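In what follows, a structure is listed as structure tokens, so that the remarks can point back to it.
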Amino acid sequence: MKSLWWSVNIVVMAVLGAIAADPPYACDGRNPATRSYAFCDASKPITVRVEDLISRLSLEEKVEQLSNNASAVQRLGIPKYEWWSEALHGVSQWGRGIHFKGGPIHTATSFPQVILTAASYDVKLWYHIAQAIGIEARAIYNAGQASGLTFWAPNINIFRDPRWGRGQETPGEDPLLSSRYSVAYVRGLQGDPLSSSSKTNVRSSTHLRASACCKHFTAYDMDNWEGHTRFSFDALVSKQDLLDTYQPPFKSCVEQGRASGIMCSYNSLNGVPTCGDSNLLTSTARRDWGFQGYITADCDAVATIYTSHRYTSTAEDAVADVLKAGMDVDCGSYLQKYTMSAIAKGKVNESDINRALRNLFSVRMRLGLFDGNLNHQLEGKLTMQVVCSTQHQRMALQAARQGIVLLKNSRRHLPLSKTRTKSLVVIGPNANNATTLLGNYYGLPCNAITPLQGLQRYIIIHDRGVRTWHAFLTICSVKL
């Protein structure tokens, strides 16, 4: 009987472990060694704690921190960290920091794509959506289903060219609207109040519920067109157009939003790759705007400086350019591969790496990840019950309703009448395809309802219709 009791308890403990794993954090109070580390003393200023931590790392350990999948430093009790997570319009499965499999949380609230939400012109709605995303993100981390709290959103590039297929991710073509959206999103996600009392607050060190990253910095709105790709494109922009059109959203993101992250883009700006542009990253963002946070490259953007732009003659030169320009972390393995050889060749100094680490570890400390057990912190009280909450799902519906604009209803056919509607045909291959309708950087929604399913209360005939735009044009031309 006793052996049976132990067997049952072991099974129960194993199940519970799979249901709710501990979130990763440093400075575990149960480890006596951490008590002597100044970087674990939450009463000290973050600047002091960061310097203490950096002083304890070997050069090899420092280099291992320069990738999106930062390595653990086990001898210091520091877990690995994933910088790349996405949350464009809800906590997303894209990126590598969120793990919907292997735990009790399998979904998150999916809000409308940004181009639609922005059409509501409702700043408070934007803020509350981002706030909900930040709350769900922290709850997922607390459940042990995330390895990072840095989210690479919002996308605040100016969308004026319909050939760019990613325009749906942005607030649209207007710099003022995009600026206001960036502020509302960043402050909501990071856990700040909507309004900021003064610009000087951007320079202070504050707690983060989650970290927002404004992308793609800057003048980026092209993927692949007539032989030009985003990996080698050179955006030729006048000073006036840069200041009037492309920079305002990022300036607002930093000065008013107090963003803790910026992503430099694949393209060059007037001949210089943005991730290697010290005027852009250091002089403008940090010095002029007062940016206090980390700067990441888009994935493999460091590599493309050498391989696609042909801006440098060696891989080590590309590494040197980005580190000296002010970039901190690489989405990819290029810095991990070539930084040591760049040091050996005299192109990079250890002080360049230390500069980057100050920004990286400062953000992780602001997230509370070096303050010991997260369950003892305020944000640790956020549990899985807040994910897909009724309040958040109602907000998603509200956003969808407010964002539907330019819909003419002069004959009052909408909303459809259940009594007068005798027949209804839903046409098209996406009428019953929930995944396609979720938009770029989608997460796993709490409850996906396709247009066909939503109209099941009426008499329905579903025709999958034509499957390509080319076929649709062909049919139309024949009928004409």
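The values are calculated or read from the model by the stated rules, or taken from the named source; none is laboratory data. No experiment lies behind these values; they were computed from the predicted model shown. Please note: Cβ atoms are built from the backbone with ideal geometry, for glycine as well, and neighbour counts cover all protein chains shown. Please note that ligands, DNA and RNA were not included when accessible areas were found on the heavy atoms of the full protein model with its side chains. Shrake-Rupley method; radii C 1.70, N 1.55, O 1.52, S 1.80 Å.
Figures for the structure shown
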{"quantity": "Given charges at Cβ of Lys, Arg, Asp, Glu: the chain dipole, positive-most of A344, G454, P171", "calculated": "G454"}
{"quantity": "Alpha-carbon centroids, segment 319-335 and segment 35-101: separation in whole Å", "calculated": "17 Å"}
{"quantity": "Cα centroid separation - segment 383-452 against segment 285-317, whole Å", "calculated": "40 Å"}
{"quantity": "Normalised contact order of segment 65-134, rounded percent, pairs of Cα under 8 Å and 6 or more residues apart", "calculated": "21 percent"}
{"quantity": "Hull volume in cubic angstrom per residue (convex hull over the Cα atoms of segment 314-469)", "calculated": "229 Å³"}
{"quantity": "Normalised per residue, the volume of the convex hull around the Cα set of segment 57-167 (Å³)", "calculated": "140 Å³"}
{"quantity": "Formal net charge of residues neighbouring L438 (Cβ-Cβ distance under 15 Å; K, R +1; D, E -1)", "calculated": "-1"}
{"quantity": "Cα centroid separation, segment 344-377 to segment 120-169 (Å)", "calculated": "24 Å"}
{"quantity": "Relative compactness, segment 40-92, computed as alpha-carbon Rg over 2.2 N^0.38 Å", "calculated": "1.39"}
{"quantity": "Compactness of segment 228-290, expressed as Rg and Dmax over alpha-carbon positions, Å", "calculated": "11.9, 35"}
{"quantity": "Sequence-separation-based contact order of segment 108-241, relative, with Cα cut under 8 Å and 6+ spacing, percent", "calculated": "32 percent"}
{"quantity": "Segment 206-261 - convex hull of alpha carbons, volume per residue in Å³", "calculated": "94 Å³"}
{"quantity": "Relative contact order of the chain, pairs being alpha-carbon contacts under 8 Å that are 6 or more residues apart, as %", "calculated": "20 percent"}
{"quantity": "Cα radius of gyration and Dmax for segment 279-322 (Å)", "calculated": "12.2, 33"}
{"quantity": "Projected area, mean over directions - segment 329-406, Cα convex hull, nm²", "calculated": "10.1 nm²"}
{"quantity": "Segment 329-410: trypsin sites (Lys or Arg not before Pro) falling in loop per DSSP and having at most 11 other Cβ within 10 Å", "calculated": "K408"}
{"quantity": "Amide proton proximity set for C214, modelled H, under 5 Å, gap of 5+", "calculated": "G261, I262, M263"}
{"quantity": "Total formal charge among the other residues, if their Cβ is under 14 angstrom from that of Q398, Lys/Arg +1 and Asp/Glu -1", "calculated": "+2"}
{"quantity": "Two-decimal Rg/Rh across segment 289-378, once Rg and the Kirkwood Rh are taken from alpha-carbon atoms", "calculated": "1.07"}
{"quantity": "Interatomic Cα distance distribution for segment 199-344, bins of 10 angstrom, percent", "calculated": "12, 42, 33, 12, 1"}
{"quantity": "Fraction of antiparallel bridges per DSSP, the chain only, in percent to nearest 5", "calculated": "35 percent"}
{"quantity": "Alpha carbon Rg of the chain, scaled by the compact-globule rule 2.2 N^0.38 Å", "calculated": "1.06"}
{"quantity": "Probe 1.4 Å, protein heavy atoms only - accessible area per residue of the chain in square angstrom", "calculated": "48 Å²"}
